[in-house]
Amino acid sequence: MSIFRRTLIAATAAAALAAPFASFAQDIKPRMIRFGYGLNEQSNQGRAVKLFAQEVEKASGGKMKVRAIGAAALGSDVQMQQALIGGAQEMMVGSTATLVGITKEMAIWDTPFLFNNVQEADAVLDGPVGQKVMDKLQEKGLVGLVYWENGFRNLTNNKQPVAKLEDLNGIKLRVMQNNVFIDSFKTLGANAVPLPFSELFTALETKTVDGQENPYNTILSSKFYEVQKYLTVTNHVYSPWIVTVSKKWWDGLSKDEQKILMDAARKSRDFERQDTRAEAAKALADLKAKGMQVNELSPAEANRMREKLGAINASISANVGEGLWKDVQAEVAKVRAGK
Ligand code: TK8
């Protein structure tokens with residue numbers, strides 16, 4: 001018998017004695033978690049997934065390992081959601097807006113001008129109503145852990161500066177695959193074209209579409225400034241990201257493992273929001289330095305836009321349910337009143 005075989009048998013026997021029963025296989029083979037996301041590694045999303053991975057590995061003593069797979073290499077948000085539901089992928093982060101086809105209540109977060117600032121967003125998303133909407137995912141085979149910040153969305157295009165509503169006429173604008181976004185931009189007069197984020201850069205580059213809307217951070221990290229000339233500060237909606245887990249897989253984890261993931265998710269949320277806000281504060285200057293022409297809307301034009309978009313509130317309320325609509329409005333009012 002070779003020394004190698006003898007050592008192997010001895011090692012195996014020792015390990016079997018030390019860790020009998022079923023846990024043995026688990027002890028030597030870490031749980032692999034494929035965590036997919038749509039943005040680049042060098043983005044607020046990429047940095048927070050990395051932090052999550054480190055936290056999980058540390059807290060589990062290496063028994064759980066996260067493979068972070070960015071740039072939509074595992075597919076678009078919608079494709080990854082299906083992989084999670086089927087159990088072919090364990091985790092992902094993406095926009096709540098892309099989940100509306102699965103859980104219609106998620107569309108509440110797409111309400112234009114719902115939040116005035118990030119403090120309101122945090123309070124409502126992390127509060128009881130945010131949790132209620134998140135829990136709705138479970139019926140559909142997904143477990144939501146935490147909301148991250150994608151951020152307030154702003155408009156870019158390659159045709160002309162948008163200073164007033166009419167300037168949007170005829171602009172082919174990529175929007176997320178979601179009825180609220182399609183309706184919002186149709187209402188504003190743009191030609192709204194739903195496309196997955198993973199196809200967006202190429203669509204802009206080849207001029208399949210003229211424009212898009214995303215937070216400053218994403219315009220920067222996805223290098224949209226290379227293919228977009230004009231940026232209009234609209235802040236038309238606050239967009240959350242949400243970290244989700246395959247329920248099929250989650251249900252097979254021990255309570256300890258679930259807790260490790262939940263704790264790491266909370267840490268990643270706090271880190272991500274800070275990081276995103278710090279980056280957003282500098283991003284506009286960066287985008288100008290990269291050559292983008294930036295304009296703000298006059299207060300009168302901003303109001304016109306707000307009023308126009310108000311017209312779709314009734315349909316959002318009908319879609320998500322009037323009860324939820326009212327609950328969210330009440331929560332926002334509570335935060336505004338400083339209670
Ligand atoms: C990333 C997307 C992105 C979103 C979009 O996968 O699609 O425009 O803002 O963050 O979820």
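Worth a mention:
Residues are listed down the side, and each one gets a yes or a no for (1) polar (S, T, N, Q); (2) in contact with a strand residue (DSSP E or B) (Cβ under 7 Å, 6 or more places away or on another chain); (3) surrounded by fewer than 18 Cβ atoms within 10 Å (Cβ to Cβ); (4) more than 23 Å from Met32 (Cα to Cα):
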| position | (1), (2), (3), (4) |
| --- | --- |
| Phe224 | no, yes, no, yes |
| Pro240 | no, yes, no, yes |
| Thr244 | yes, yes, no, no |
| Gln258 | yes, no, yes, no |
| Lys290 | no, no, yes, yes |
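- Tally of residues being more than 21 Å from Lys339 (Cα to Cα) and buried (at least 16 other Cβ atoms within 10 Å of the Cβ) across region 109-149: 17
- The C-beta contact set for region 249-275 (first residue modelled with pLDDT of 95 or more, second residue in a helix (DSSP H, G or I) and of a type in the set (Phe, Trp, Tyr), distance under 7 angstrom, 6+ apart or interchain) comprises Gln258/Trp250; Ala264/Phe52; Ala265/Phe52; Ser268/Phe52.
- Residue identified as touching a helix residue (DSSP H, G or I) at 6+ places or on another chain (Cβ under 8 Å), within 17 Å of Ser246 (Cα to Cα) and of a type in the set (Ser, Thr, Tyr) among Thr98, Thr111: Thr98
- Subset of region 200-221 (residues that are within 14 Å of the ligand (Cβ to nearest atom), closer than 27 Å to Ile312 by Cβ and crowded, with 21+ Cβ neighbours inside 10 Å): Leu200, Leu204, Val209, Gly211, Gln212, Glu213, Asn214, Pro215, Tyr216, Asn217, Thr218, Ile219
- Among residues of region 153-166, those that are hydrophobic (A, V, I, L, M, F, W, C) and buried (at least 22 other Cβ atoms within 10 Å of the Cβ), counted: 2
- The condition of being open to solvent by less than 20 Å² (accessible area, probe 1.4 Å), under 21 Å from Glu199 (Cβ atoms) and not acidic (Asp, Glu) holds for only one of Ser60, Ser76, that being Ser76.
- Hey, Phe197 touching a strand residue (DSSP E or B) at 6+ places or on another chain (Cβ under 9 Å) and within 15 Å of the ligand (Cβ to nearest atom) or not: yes
- Subset of region 77-116 [closer than 24 Å to Asp251 by Cβ, in contact with a Leu (Cβ under 9 Å, 6 or more places away or on another chain) and more than 11 Å from the ligand (Cβ to nearest atom)]: Ala83, Leu84, Ile85, Gln89, Glu90, Met91, Ile102, Thr103, Glu105, Met106
- Failed criterion for Met91 (all others in (1) surrounded by fewer than 22 Cβ atoms within 10 Å (Cβ to Cβ); (2) out of contact with any Lys or Arg (no Cβ under 6 Å at 6 or more places or on another chain) hold): (1)
- Being within 13 Å of the ligand (Cβ to nearest atom), in contact (Cβ under 8 Å) with a residue 24 or more places away in the chain and part of a strand (DSSP E or B) is not true of Gln177.
The values are calculated or read from the model by the stated rules, or taken from the named source; none is laboratory data. Everything numeric here is computed off the predicted structure, so don't read it as measured data. Heads up, the Cβs are rebuilt from the backbone with ideal geometry, glycines too, and the neighbour counts pull from every protein chain shown. For accessibility, only protein heavy atoms count, side chains too; no ligands or nucleic acids. Shrake-Rupley method; radii C 1.70, N 1.55, O 1.52, S 1.80 Å.
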